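Just so it is clear, none of the values below were taken in a lab; they were calculated from the coordinates. Just so we're clear, the structure is a prediction, and the values are computed from it rather than from any experiment. Here the Cβ positions follow ideal geometry from the backbone for every residue, glycine too, while neighbour counts run over all protein chains shown.
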Amino acid sequence: MRTKYTYLIALAFLGTLLAVMLQESNLSYVKKNHAHREAYGRILTADDASYLEPPINWVTKGTWKDGSRGNSSFVQRPPGYGILFLVGNFCFPSNPYFFLKWIQIIGCFFSIIIVFKLLILFELSRKWAYLGTAIFAFSPIFSSFLYHVITEGISPFLLLWSFYEWVLILRSKGNVYRWIGTNAFLILVRPQLLILIVLFMGYLLVKKQFKLALISSIILIPFALWMLRTYIHTGSFSLHPIYSENNYSYYRSPHHRMGELFKIWEFKSDRFHETMSLLQENESKENLDKAIGNVPLSYQNKVIDILSDYQQICSYQRKAMAQNDFSKLIKKERYFSKKVMNLQDGLIRSNLMDAYVYTPFNSASELFINSHLHLTLFQTKYRGDFWMEALRWTSLLLVLCSIITVFIISFLSKNVPIELWLICMGSVITILYLIFEQRLNEERYLTPILPIAFIAFIWFINALMKMSKNKNT
């Protein structure tokens, strides 16, 4: 028994060591060639401030909010990751980012162990379990964000841990309170994963395990309190409360309505934000023409007036921000937003295939047909090298096969472990939300469920091989 665990720990250590070595190499490369994207031993992103400023302000000013002005500043990001930063600030006040980095590295180590244990629980042989775990441990796609200060650095581990505890509970081997604590924190880090928790609790009700379902509902209390805070500050229960009429920024109702309009045809978030930035920058015809150029030809004549109107609204907003007074602008913004909604409704009715088929399909392609090799080293320095292209194609196939497997298993029930079926069904619902509702996605939004999808893929391949062997005997 000791030898068996020694092999697993060694594998987890080597996989984590490789991940750290890649991250350190990437950090050195970024520090040398893109110094503005590195600080305190971490890779910077545009989202860092919205995660870190609330806990920093809590420590220095006693208020949980980011650095922007307006109601959204109090609730723009869920508090889970900020709570981790607070712990880091308490333990290492001179550099709390050190704590976050090591928490994510430790999470990587235990993720490898959990993958092995889940494969064993799903009745794979130790040989298959080690093979699957080795692939997971040495694939860079599962450790891309260890040195980032965003939720993708920790949420994959939390979801794996949640799933592992869930399997143990259903098999009367787990600790329900440990599962409750893990999930209560998970949905404060990544609220979009709430659907998985709801599915698990729904299954308990179907199986008439009412006591366990009732105890498990404790999970929802911290999230409910956060949603209550969101409603108090913004008047909505949105999971993405970035818009408010009280915001002193462009993130007000006109921007929100433009985002909903663009979802009819747009599936690239960076192209949408580039278009909005052009219109926000100034009132020049040059910028308007560039913005129109980002719209498909079939829509350009239909939206040119609304893009011009938005450019004008942005001019008013710049003046309002300079004067610290939006009161005179709210009426114009509401009128504009209603105009956009009417245009959106008309375009959806006349372009049903775009709105409900082509754009979701393209959004899915952006998420699935992607290697998920996010390190700058891979994207720039080594791009085009033979080994890099081999890794890129291998990673793409691994991601694509894993996601396809999740969909296949979610439509099966016979001979599939119920725990695996439930997590696959929850993953499919999450993916459908991303491609049909959110649409303007970044590849990293898929990161938390990739380890789950990988486990499903390994189980499915193993099951197919067992079926083939049985038929031949």
Task: Those lysines that a straight Cα-Cα span of less than 23 Å connects to Lys117, excepting residues fewer than 8 apart in one chain - done: Lys4, Lys127, Lys173, Lys414, Lys466
Open item on the list: Can you list residues from other chains, or at least 5 along the same chain, whose modelled amide H is less than 5 Å from the amide H of His148?
Closed with: Ile43
Open item on the list: Let me make sure I get this right: for region 388-459, a, b and c are the square roots of the gyration tensor eigenvalues over alpha carbons, sorted descending. Under 1.5 in a/c it's rounded, otherwise prolate if a/b > b/c, else oblate. Which is it?
Closed with: oblate
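What shape does region 265-350 take by its C-alpha gyration tensor, where a ≥ b ≥ c are the square roots of the eigenvalues and a/c under 1.5 counts as rounded, a/b above b/c as prolate, and the rest as oblate? Before the final figure, lay out each step's value.
Values: a/c = 2.19, a/b = 1.38, b/c = 1.58.
Note, shape of region 265-350 comes out oblate.
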- [ ] May I ask you to list the chymotrypsin sites (Phe, Trp or Tyr not before Pro) in region 217-271 that are in a DSSP loop and have at most 13 other Cβ atoms within 10 Å of their Cβ?
- [x] Phe237
Task: Square roots of 5 times each gyration tensor eigenvalue, C-alpha, region 112-189, largest first, Å - done: 22, 21, 6
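Run the helix sum for the chain: -39,500 (n - 2.57) per DSSP H stretch of 4+ residues, divided by residue count, reported at 222 nm to the nearest 500 deg cm²/dmol. Spell out each step's value before the answer.
Working: 19 runs with 313 residues, N = 473.
Using -39500 (n - 2.57) per qualifying helix, the result is -22000 deg cm²/dmol.
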Task: Dipole of region 318-473, positive direction: furthest Cα of Tyr358, Phe460, Tyr335, with charges on the beta-carbon - done: Tyr335
- [ ] Pull up all non-local amide H partners of Glu283: gap of 5 or more, or a different chain, and H-to-H distance under 5 Å with H placed in the peptide plane.
- [x] none
Task: region 317-444: relative contact order as a whole-number percent, Cα under 8 Å and 6+ apart - done: 27 percent
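Checking the a/c ratio against 1.5 first, then a/b against b/c, what shape does the Cα gyration tensor give for region 327-391?
Numbers: a/c = 6.15, a/b = 2.07, b/c = 2.97.
Oblate shape, in that a/c is at least 1.5 and b/c is the bigger or equal ratio.
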Task: C-alpha center-to-center spacing [region 140-186, region 204-274] in angstrom - done: 21 Å
Open item on the list: Just to confirm my numbers, what's the Cα centroid distance between region 110-139 and region 294-317 in Å?
Closed with: 51 Å
Task: Where only C-alpha atoms are counted, convex hull volume of the chain per residue in Å³ - done: 189 Å³
